[in-house]
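The values are calculated or read from the model by the stated rules, or taken from the named source; none is laboratory data. These figures come from a predicted structure and were not determined experimentally. A quick note on method: Cβ atoms are made from the backbone with ideal geometry, for glycine too, and the neighbour counts reach across all protein chains shown. These area figures cover heavy atoms from the full protein model, side chains too; ligands, DNA and RNA do not enter into them. Shrake-Rupley method; radii C 1.70, N 1.55, O 1.52, S 1.80 Å.
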Amino acid sequence: MRADPARYGKTHLLSISFRSRPRHSKVLRAYGLSSAGSKDPAVFTRWDSLQFRKPELPEFADYFALTYKEEGGLITHSLSTAVISPNGKIFKWYHGSDWQASDLLQDIAAASHPAS
């Protein structure tokens, strides 16, 4: 299923990083371009990354039931994906990586255009 701009044009992707190093945003950007299979900076028109300061991380992780462990300079963590509706409420939440892109796109469309 391809992302149709008419259905998903206002969708925004936010990637959260567990690292709080000043230069880590460049690493995230390079990773994003690699994941998108593109070198076009337009990839980031609706895709941002956020880094937490260490004191904020536990509360965020608890909210989304994430586990993480820092060991030897590396961070091991679980995965959480949330579809947040335009009204700011969680429409669908996937814990882990047990989801397909097509399911996520359907959830985004449903959250963006609720049935009347």
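The 1.4 Å probe gives accessible areas that order Tyr63, Tyr68, largest first, as Tyr63, Tyr68. Scaling against 2.2 N^0.38 Å puts the C-alpha radius of gyration of the stretch 67-116 at 1.49.
Close amide-amide hydrogen proximity is noted between Phe18 and no other residue 5 or more places distant or on a separate chain, at a cut-off under 5 Å (H modeled in the peptide plane; Pro and chain starts excluded).
Each Lys or Arg adds one and each Asp or Glu subtracts one; over the other residues with Cβ under 10 Å from the Cβ of Glu70, this totals +2.
Looking at the stretch 27-116, the pairs of alpha carbons with a distance over 23 Å make up 39% of the total.
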